[in-house]
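The structure under discussion appears below in the form of structure tokens.
Just so it is clear, none of the values below were taken in a lab; they were calculated from the coordinates. Small disclaimer: the values here were computed from a predicted structure and weren't measured. All Cβ positions, even for glycine, are placed from backbone atoms using ideal geometry, and neighbour counts span all protein chains on display.
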Amino acid sequence: MTRAVDKSGDWKNRLYNLGFELFNSGKRFEAHEEWEAIWLDEPKGHPNRLFLQGLIQVAAAFHRVDTNFLRAAYRLFRSSRRKLIPYSPGYKGVNVASLIPLLETWIDRLGSLNRGDAPSHADYFPMALGGRGWNEATREPDASPEGLSTFKAFEEYSSDREVRSVCPKCGDALAVNGRRRAPAEDVESVWRVACPRGCVERAFAGAGA
């Protein structure tokens, strides 16, 4: 059941800031709920949705570490990394370029742990929020059918699901870097969403691009 949200005033900025306060005080699940309330209100296909999903999954990953579901945490850290890379070097007050290496450290650590082992809480990291936070200018989405379709394809790709979005011009299924599914290892710094006929093409640069 979705919780009631006070949507008076600058409510998204209020919940966004509260999410960081909760996250940095160790209340990861509660932070996830604040950010999720904003995510639910964002239009489908808007870049804010993918960014918020990345933050939500970081919080959810730490909650899974807290509850010793380490494989689930590992998957969430990987998924959050893929979602946040396109927003480097920064977005909505978050230094994404600095956050990505921290996520990668956790991915490496959890990928090598034996079942039942848990990292120390001393290894947890805070997330700083700078500038105007949520009220910083948004990267406006490409409102054309092609732009929204390619962003949708990347959103699906970043969650390890098969890319099911179709080209609005020719109807063929869109692919990411020529693949229908995410690669086993996250080695790419640029993702290119396109249809096989070349009608639609859009690139998302990663931290190393």
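Using modelled amide H (1.01 Å from N, peptide plane; none on Pro or chain starts), what sits under 5 Å from the amide H of VAL166, excluding residues fewer than 5 places away?
So VAL166 has HN proximity to LEU174.
Give the relative contact order (percent, whole number) for the chain; include only Cα pairs under 8 Å separated by 6+ residues.
17
Which whole-Hz couplings ³J(HN,Hα) result when phi for each residue of region 153-167 is put into the Karplus expression 6.51 cos²θ - 1.76 cosθ + 1.60, θ = phi - 60°, listed in order with x for Gly and Pro?
For region 153-167, the Karplus-derived couplings read 4, 5, 4, 5, 4, 5, 9, 6, 8, 5, 6, 10, 5, 10, 5 Hz, x marking Gly and Pro.
How big is the charge dipole of region 11-135 about its Cα centre, in debye rounded to the nearest 20, if each Lys and Arg gets +1 on its Cβ and each Asp and Glu gets -1 on its Cβ?
Magnitude of the dipole: close to 360 debye.
Once phi is turned into θ = phi - 60°, what whole-Hz ³J(HN,Hα) does the Karplus curve with 6.51, -1.76 and 1.60 give for every residue of region 11-25, x standing for Gly and Pro?
Couplings: 5, 5, 4, 4, 5, 4, 5, 4, x, 5, 4, 5, 4, 6, 9 Hz.
What is the fewest-to-most order of HIS32, HIS46 by other Cβ atoms lying within 10 Å of their Cβ?
If I rank by nearby Cβ atoms, fewest first, I get HIS46, HIS32.
Helix-only mean residue ellipticity at 222 nm, the chain, DSSP H runs n ≥ 4 weighted -39,500 (n - 2.57), per residue, nearest 500. What is it?
Calculated mean residue ellipticity at 222 nm is -14500 deg cm²/dmol.
Each residue of region 35-47 in turn: what ³J(HN,Hα) in whole Hz from Karplus with 6.51, -1.76, 1.60 and θ = phi - 60°, glycine and Pro shown as x?
Each residue of region 35-47 in turn: 5, 5, 4, 5, 4, 5, 8, 7, x, 4, x, 7, x Hz.
Considering only lysines 8 or more places apart in sequence, or on different chains, count the pairs in the chain whose C-alpha atoms sit under 25 Å apart.
Close lysine pairs under the 25 Å cut-off: 18.
Under a 5 Å amide H to amide H cut-off, with H placed in plane at 1.01 Å, what residues pair with VAL94 once short-range neighbours are removed?
The answer is GLY130.
If you take mean projected area of the Cα convex hull in nm² from the coordinates, which of (i) 13.1; (ii) 12.2; (iii) 13.8 do you get?
Matching the structure shown: (ii).
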